[in-house]
Amino acid sequence: MNNNFVDKRMKLYSTNDPATRVSFKEAVFNSMPQDKGLYMPVEIPRLDDKFLNNLDNYTLPEIAFHVAKNLLGDDIPEDDLKKIIYDAINFYAPIIELEENVYALELFHGPSLAFKDFGARFMSRVMSYFLEEGEKQLDVLAATSGDTGGAVALGFLGVPNTRVTILYPKDKVSHIQELQLTTNGQNIRAIEVDGTFDDCQALVKQAFTDKELNEKFRLTSANSINIARLIPQTFYYFNAYAQALKEGKSKIVFSVPSGNFGNIGASLLAWKMGLPVEHFIAATNVNDTVPRFLSSGVYQPKPSVSTLSNAMDVGDPSNWVRIADMFKKNMSGLKKLVTGYSYDDEQTLKAIEWIYDAYNYVACPHTAIAWQALKDWQQDNPTGTTGIFLSTAHPAKFADAFPDRNCRLHLRPNL
């Protein structure tokens, strides 16, 4: 027996029970612990300085591989992991300069035209890799407020031995989003729920803690509660920073449109791994549970409200527990690192118009909120930083939100 053997496989625990230990494979397939917590890595590795200082020498797939390899360890052999990443992340995510020290990070160049493609495509391929012939069919559940469902559907479409069920709130997704959910066929089915996204999410969570249901079906989640969704979302933060370095920018602030807080949760995971970001902005619509907490210190979820930025219509963000867990010993540090802003629909429309008039650039409602939050933060903090706001969905998915006909006619140039 080799007493010098070091187990380099990823281990995870539940945010509700730090003593829990499960493998990456188990966390991917079970997605949510029975104690209703969320899985987090036992160790968050800090990437080596040589890699971080030379990020601008790497491509997006190369960065993604390095980050994933450090997190997953030996769970997936290097050659197999490279194949997964190069297949899943086969589109680009450029930063676009709109004015000095203001950049848009375009994350809508994947097949579903939303940032969720990063997580959904990586996760589907990881699950397919771990699935063995003859195993029980995998039932993938997802709740969506708009973009998650389309990305999950395209990510899993045609994957053998899987069946995907997507729950979405009635009359609360755009027409294009609904088409992306309901027109796939094969192993994808979508169910309209007479309620809000919070209701859809509650049904998914309830399914995972239902003993009888879990004995009958092999259930997993495709929402950002699944750790395999969170990990690939770190990739584009490292890559955006690499692009900024090429522009001679190194003091970076990210403004992240936030709903279920998986996206900004991934950014903070990247920060924990050594990405030298100066500050983060959590930009929400009127579903402002987290901005209120950051300003008041009181975390009080509330029922979600429908807005133009429907993918952010979340009153009780699931991934907040992960962020709180990462900073459980330093909540004051979290409040110094993250600032929250919230905006109503009228302010969102004004931001869309301003962006178009000033830059001839068309932004979706979520993107417009991230831009407005960045501009407000820069005005309050003239520190010489470079701001990158996340453009999380292509504006064509929200054509009805644009008040100006000329603006609607110019939806295509961002493709």
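The values are calculated or read from the model by the stated rules, or taken from the named source; none is laboratory data. This one's a predicted model, so the numbers in the text were calculated from it and none came from an experiment. Cβ coordinates were reconstructed from backbone atoms using ideal geometry, including for glycine residues, and neighbour counts include every protein chain displayed. Note: accessible area is taken over every heavy atom of the protein model, side chains too, but ligands, DNA and RNA are not part of it. Shrake-Rupley method; radii C 1.70, N 1.55, O 1.52, S 1.80 Å.
Does Thr348 satisfy the criteria of being open to solvent by less than 10 Å² (accessible area, probe 1.4 Å) and more than 29 Å from Cys200 (Cβ to Cβ)? Even if it seems obvious, please write down each step before you answer.
Values: open to solvent by less than 10 Å² (accessible area, probe 1.4 Å): yes; more than 29 Å from Cys200 (Cβ to Cβ): no.
In short, no.
Out of the strands (runs of 3 or more DSSP E) lying entirely within the range 94-174, which hold 3 or more residues that are in contact with a strand residue (DSSP E or B) (Cβ under 9 Å, 6 or more places away or on another chain) and under 19 Å from Thr392 (Cα atoms)?
On the way: elements: 95-99, 102-106, 138-143, 162-169.
Here the list reads 95-99, 102-106.
Within the range 251-262, can you find the residues that are farther than 16 Å from Ala368 by Cα and either modelled with pLDDT of 95 or more or out of contact with any Pro (no Cβ under 8 Å at 6 or more places or on another chain) (or both)?
Lys251, Ile252, Val253, Gly262
When only residues in the range 142-178 that are within 16 Å of Ala222 (Cβ to Cβ) and among the hydroxyl-bearing types (Ser, Thr, Tyr) count, which is nearest to the chain's Cα centre (by Cα)?
Filtering first and then ranking leaves Thr148.
Name the single residue, out of those in the range 179-206 being among the hydrophobic types (A, V, I, L, M, F, W, C) and more than 22 Å from the chain's Cα centre (by Cα), that is most open to solvent (accessible area, probe 1.4 Å).
First, the residues of the range 179-206 that are among the hydrophobic types (A, V, I, L, M, F, W, C): 179, 181, 188, 190-191, 193, 197, 200, 202-204.
Retained after the next criterion (residues that are more than 22 Å from the chain's Cα centre (by Cα)): 191, 193.
Details: Ile191: 77, Val193: 23 Å².
If we take residues in the range 179-206 being among the hydrophobic types (A, V, I, L, M, F, W, C) and more than 22 Å from the chain's Cα centre (by Cα), then Ile191 is most open to solvent (accessible area, probe 1.4 Å).
Of the residues Ile89, Ile96, which single one is of a type in the set (A, V, I, L, M, F, W, C) and more than 16 Å from the chain's Cα centre (by Cα)?
Ile96
What's the number of the only condition in (1) free of Cβ contacts under 8 Å to residues at least 60 places away in the same chain; (2) within 30 Å of Ala64 (Cβ to Cβ); (3) over 16 Å from the mean Cα position of the chain (by Cα) that Gln300 fails to meet?
The one condition Gln300 does not meet is (2).
Kindly evaluate Tyr39 against the criterion of being open to solvent by less than 30 Å² (accessible area, probe 1.4 Å) and of a type in the set (Ser, Thr, Tyr). Explain how you work it out, then say what you get.
Details: open to solvent by less than 30 Å² (accessible area, probe 1.4 Å): yes; of a type in the set (Ser, Thr, Tyr): yes.
For Tyr39, the condition - open to solvent by less than 30 Å² (accessible area, probe 1.4 Å) and of a type in the set (Ser, Thr, Tyr) - is met.
Being in contact with a Pro (Cβ under 8 Å, 6 or more places away or on another chain), of a type in the set (D, E, K, R) and not in a loop (DSSP other than H, G, I, E, B) is the requirement here; does Glu353 meet it?
Numbers: in contact with a Pro (Cβ under 8 Å, 6 or more places away or on another chain): yes; of a type in the set (D, E, K, R): yes; not in a loop (DSSP other than H, G, I, E, B): yes.
Spelling it out, Glu353 is indeed in contact with a Pro (Cβ under 8 Å, 6 or more places away or on another chain), of a type in the set (D, E, K, R) and not in a loop (DSSP other than H, G, I, E, B).
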